[in-house]
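S.K.: Got a structure for you, questions after.
The values are calculated or read from the model by the stated rules, or taken from the named source; none is laboratory data. What you are looking at is a predicted structure, and each value in this text was computed from that prediction instead of being measured. Using ideal geometry, Cβ is built from the backbone for each residue, glycine included, and neighbour counts are taken over all protein chains shown. When the accessible area is computed, the model is the full protein with side chains, heavy atoms only, and any ligands, DNA or RNA have been set aside. Shrake-Rupley method; radii C 1.70, N 1.55, O 1.52, S 1.80 Å.
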Amino acid sequence: MKLKLKNVFLAYFLVSIAGLLYALVQLGQPCDCLSPLRAAAEQLRQKDLRISQLQADLRRPPPAPAQPPEPEALPTIYVVTPTYARLVQKAELVRLSQTLSLVPRLHWLLVEDAEGPTPLVSGLLAASGLLFTHLAVLTPKAQRLREGEPGWVRPRGVEQRNRALDWLRSRGGAVAGEKDPPPPGTRGVVYFADDDNTYSRELFEEMRWTRGVSVWPVGLVGGLRFEGPRVQDGRVVGFHTAWEPNRPFPLDMAGFAVSLPLLLAKPNARFDATAPRGHLESSLLSHLVDPKDLEPRAANCTRVLVWHTRTEKPKTKQEEQLQRQGRGSDPAVEV
């Protein structure tokens, strides 16, 4: 055991001596330490330079935002709104007109279900500040809802929307003194906006550059939180709807817009008053485009920018009671 320890000690001593001799030899050699030091110094210099550049960028004022195009350069949005006389008509038209007033380059086609323009609607349009065309056409008696029928039994606003399409295609009976229909080739888009819906201003900018037929979701419709196209890789591949999903175009009237040149190029494209329930939109769109060619808007149809709201019918029992007593509200006061 002692011999083995002696051998280990001797080996350790010899290795230590060899290491010491190697270190002494190396002390006499030139040291190549400058290259790593120069590289480290260059890295520090580059970092200092980058920090200085960033500090200068922070002190520099931000660039001016890109100027939006002049309104004259924008395609015109033609908003078609059917309307009919009822107690809340003016309230709903005021709300809609004030939304539309926020949208540049817009032309409102307001079409009354009446034999002619009424003073209430004429006065509202004149005070709106909007570029407008005031039209009127009476719904035939056979197409009108009968007493007690729910609103979904018959399509409504058909004659009024078709009357607006006629105006867009030719002069044909617009109220005197208003702007002529757009000439062929005019850039623009046509949107059918009912007077009882709620619209975000963003929606109109989403539709403005429509090439054919653009689409988006509609909130609070069809018994669902929203209905709308399903989009994959930027293309419409189906529709989120609960009622008759196999319709050619299971869309709400508020869920699409059509380019004006396309409408002018398809003179037979109209709404069909005899279309089955829920097929009114399809009766027009089937003449214009294939479902696969629809243009999804509103972040690939993931944002709701229009809602299918309806104003509650006002309760007027007290008014009726006062009228029986001869003390009803002054009919000269427009509501």
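S.K.: Per the 1.4 Å probe, what fraction of the accessible area of segment 85-219, in percent, lies on carbon and sulfur atoms? Before the final figure, lay out the partial values.
M.R.: Working: 3300 of 6100 Å².
Carbon and sulfur atoms account for 54 percent of the accessible area of segment 85-219.
S.K.: Might you work out the accessible area of L305 for me, using a 1.4 Å probe with all protein chains in place, and round it to the nearest 10 Å²?
M.R.: Here the residue's solvent-accessible area equals roughly 10 Å².
S.K.: If you keep only loop residues by DSSP, which chymotrypsin sites (Phe, Trp or Tyr not before Pro) in segment 236-335 have at most 16 other Cβ atoms within 10 Å of their Cβ? Don't skip to the answer; put the middle values down first.
M.R.: Details: sites: F239, W243, F256, F271, W307; in loops: W243, F271.
Within segment 236-335, the qualifying chymotrypsin sites (Phe, Trp or Tyr not before Pro) (loop, at most 16 other Cβ atoms within 10 Å) are W243.
S.K.: Out of the total accessible area of segment 256-335 (probe 1.4 Å, heavy atoms of protein only), what percent is carbon and sulfur?
M.R.: Numbers: 2520 of 5020 Å².
Within segment 256-335, the accessible surface is 50 percent carbon and sulfur.
S.K.: Going out from 0 in 5 Å bins, what whole percent of all Cα-Cα distances in segment 128-168 drops into each bin?
M.R.: Calculated over all Cα pairs of segment 128-168, the distribution is 5, 20, 22, 19, 15, 10, 8, 2 percent.
S.K.: Same structure again: Run the 1.4 Å probe and let me know the accessible area of E70, rounded to the nearest 10 Å².
M.R.: Number for this one is 120 Å².
S.K.: Would you mind working out the accessible area per residue for segment 205-335, using a 1.4 Å probe, and quoting it in Å²? Provide the component values of the computation, followed by the final result.
M.R.: On the way: 7520 Å² over 131 residues.
Normalised by residue count, the accessible surface of segment 205-335 is 57 Å².
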